[in-house]
Every structure is written in C-alpha cells, then in structure tokens.
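I have placed the structure first, in the form of structure tokens, so that the comments after it can refer back to it.
The values are calculated or read from the model by the stated rules, or taken from the named source; none is laboratory data. Every value quoted in this text rests on a predicted model; they were computed, and no experiment measured them. Glycine also receives a Cβ, built like all others from the backbone with ideal geometry; neighbour counts cover every protein chain displayed. For accessibility, only protein heavy atoms count, side chains too; no ligands or nucleic acids. Shrake-Rupley method; radii C 1.70, N 1.55, O 1.52, S 1.80 Å.
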Amino acid sequence: MDFIDLKAQQLRIKSEIDLGIEKVLSHGRYILGPEVQELEEKLAVFCQTKHAIACANGTDALSLALMAYEIGEGDVVFCPSFTFCATAESVALTGATPFFVDIDRETYNLCPKSLRAAVEEVVQKGDLTARAIIAVDLFGQSADYEGISAIANEFGLKLISDSAQGFGTTLNGYHPTHWADIATTSFFPAKPLGAYGDGGALFTNDETLTDLLRSLHVHGKGRSNYDNVRIGLNSRLDSLQAAILLPKLAIFSDEISKRNDVADRYTVGLKEHVSRVPTVKQGVVSTWAQYTIEVEKPDALSDNLKASGIPSARYYPTPIHMQTAYRHYPVASAGLPATEDCIGKVISLPMHPYLDEDSQDKVIESVKAAIKA
Ligand SMILES: *Cc1c(COP(=O)(O)O)cnc(C)c1O
C-alpha cells in the first residue's frame, strides 16, 4: 500500500499528460510558456480569486508575499509552530521575526485567542512592529479565517494564507482569499494538487499587488527587460510542470470529493477506537492533505502498521519553535500547550483519492488491532 499513490492518478490521465509534455517539447517555450498562463487562469477560476501567479515552489510563494509587503528587519509575523518549517523560514529569511502562536487543539490550525494575546503583547512592547499573520490550512483544512481576519483587521495586519496543503479547501463555500490578502500554495508532488517537480502559486484579488508579485518573481523586472526596478527572486513555474498540472487540475474537484469519501469512512471505522479522529469544523470542506488521528503510542502504532505493510507518517514531531534554527524566536507568553500536547500523539494514515475500500478496511482493522494489542 502507498501512503500517497501517484501512480493510480497517473494512469487515469496519462494520455493528457503525455500530450501536454509533447506540446511543450514541440513549441520549446520551456519557461513561462503558454501552459503557465493557461494554468494561472484556470487556478484563479478554481479558487474564485481574480489573480493567480505561478512560481517555483510554495516556500518562494510565501517569500514573495512577504517581499510584496516589504516585511523585514524589525517586523513581526505571527504564525503557528505546528506546521512545515517553510511557514516560518520565509519570515526569518526576510530578516523579520516569526512569532509562534498556539493552535486550536481540535483542528491544529492557528488559535485566534492565542493569536490575539500575541499581537497585543507585541503592540504593547513596541520594540518590534506587528505586520502580518500567516495562517496555515494544516492537513488540508481551512484555517479559522473568520476569527483570524477579525484580528488582522483590528490591528491593521496583512493576512497571508499558507495553503500549501489546503489548495481547494473552502469555509462556508469560500476559498481563503475571501479573507486573506494573499493565499499561497505548493505543487510539491505529494501535495493534494502536485506536479512532477517543484511548483507553487500565489492568489490575490488585488490587481496592484498582482503586478508587484509578477515583477518580484522575475528578478524585480520593470517595464523593460533590462531595467530591474526592485530586488526580486528567480521564481518561475516551468511550462512542463504547468502542462502536467493542467490535466491534474481538471480532475481535482473529483479527487477532493474522493478524498472526503475516504476520510468519512476512516472516521466511521475509527472514531470509537482511537483517542481522536480529525475534527472538521462546520462549513469546512477539507482537501485531506493528511488524515491524522491521535493515539497514546503513535510510534508503536506506526511499527505495527509497518509490519502489516501499511505506511504511516508523523507530522510534525518537532514543532518549529523547538527546532535548532528557530529556538531563539518568541512564542506566545502563555506558551504553546496545544502544540506541545498533540505532537506526541498524532499519526497520519494513508490518504489519496484512489485508496479503495478494501485498503481502507485493512487500515482501519490494522489500527484497531494495534490499539487493542
Ligand atoms: C509543503 C509546504 C510548504 C512549502 O512548499 P514547497 O513547495 O515545498 O516549497 C509551505 N508550507 C506548508 C504548510 C507546506 O506543507
């Protein structure tokens, strides 16, 4: 059994992918070719956002968002610690200070209460400037954008949605850019919408910001090719990845619905047997980047599952604020109790749209047997 089965998906759309690759090889515009523009247009439509800008990866997408707001030394960006390191890395790279905030114990997403306390603390102290919030749609579930955007508005902070795992998630029918100034995503192969290499994108409804991001992702280009008007990055999506993503995007809604079927079935099978099955807030459609449960002994469960040929993964055993490069950054003064409580319990099970019911049953029965043992 695969943790994520990319081969089954490939079989489904192989001829479209081959055709797309052939087309790129024949026109030869490998960088920023017509596929990239077509993909940007279709991504924007998919997530009900006016503008999409494709770039080299999800980490760059975050960096570009921060660069667009000229965030740097002396600035603070609030973010969760229970996430992939890139969320905070992008902040640290600009010279700004990532400020780690606790998560909601049920959803693993940024906790508005902890966020408010952290913002108030920074504002009161006054030595650093509170500038932005990065909310993460962890494991594919929309963050609490209603609660978070209210705080962003109150304190005049930019709201960036790190939707690397959550592209396609909705809250009350809205994608993150309904609340966030910019949303970013990643097309790393294992993400719900993954390429066959690195890729990423930014989404915004603001046209001026779009022009700025388009300049920033090509070395800060100006109107003429050789007048660079600002310092930027070289962060483009290549045409081959766009050609591969187009047929994947065409079936993405169907895949999200299939992932939800798998998740529903897991939840029914496991809810009486493990400490916690995932909590999806009312009104949210998750993309199920991960199906994550909690048990008392996740490492033992992982070993047991492995013996039955079932892969599992533990995200994220060391939250960012405990990692060597990030230990010196500030955390909410009440600490991060929810973050530190869940790290010893979470374990993610195989999840992809093509996981058949027999395999789902095998996972469910194996988890149950391991817990009882
Ligand atoms: C994967 C991921 C990123 C980074 O994406 P890359 O394309 O690998 O650079 C950022 N944030 C989160 C939450 C992620 O899961």
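How many residues, within the range 60-80, are over 20 Å from residue 232 (Cα atoms) and within 12 Å of the ligand (Cβ to nearest atom)?
The qualifying residues number 2.
Residues being closer than 15 Å to residue 168 by Cα and either of a type in the set (Asp, Glu) or not in a strand (DSSP E or B) (or both): count how many of those fall in the range 191-213.
Going through the range 191-213 one residue at a time, the tally reaches 4.
Of all residues in the range 156-181, which are within 11 Å of the chain's Cα centre (by Cα) and polar (S, T, N, Q)?
161, 163, 165, 169
Is there any pair with a first residue in the range 27-41 that is within 16 Å of residue 57 (Cβ to Cβ) and a second that is surrounded by 12 or more Cβ atoms within 10 Å (Cβ to Cβ) and among the charged types (D, E, K, R) whose Cβ atoms are under 7 Å apart and which are 6 or more apart or on different chains, and what are they?
Pairs found: 31/236; 31/238; 32/236.
Pull out all pairs, ordered by first then second residue, where Cβ-Cβ is under 6 Å, the residues are six or more apart or on different chains, the first lies in the range 7-22 and is open to solvent by 30 Å² or more (accessible area, probe 1.4 Å), and the second is among the small types (Gly, Ala, Ser).
21/243
Would you check which residues across the range 168-212 are within 16 Å of the ligand (Cβ to nearest atom), aliphatic (A, V, I, L, M) and touching a strand residue (DSSP E or B) at 6+ places or on another chain (Cβ under 7 Å) and list them?
180, 182, 183, 201, 202
Among the listed residues 306, 258, identify the single one that is closer than 17 Å to residue 358 by Cβ and more than 16 Å from the ligand (Cβ to nearest atom).
258
Can you confirm whether the range 230-238 contains a residue that is surrounded by 19 or more Cβ atoms within 10 Å (Cβ to Cβ), farther than 30 Å from residue 94 by Cβ, at pLDDT 95 or above and of a type in the set (Gly, Ala, Ser)?
no
Identify all residues within the range 38-59 that are away from the ligand (no atom under 16 Å from the Cβ) and outside any strand (DSSP E or B); write none if there are none.
Within the range 38-59, 38, 40, 41, 42, 44, 45, 46, 47, 48, 49, 50 qualify.
Kindly provide the set of residues from the range 221-230 that are out of contact with any Leu (no Cβ under 8 Å at 6 or more places or on another chain) and either outside the structural domain of residue 35 (by the TED database) or touching a residue at least 12 places away in the same chain (Cβ under 8 Å) (or both), ordered by number.
Across the range 221-230, the qualifying residue is only 229.
Restricting the first residue to the range 182-200 and requiring it to be farther than 18 Å from residue 8 by Cα and acidic (Asp, Glu), which pairs with a second residue that is in a strand (DSSP E or B) and within 10 Å of the ligand (Cβ to nearest atom) meet a Cβ separation below 9 Å and a spacing of at least six or different chains?
198/186
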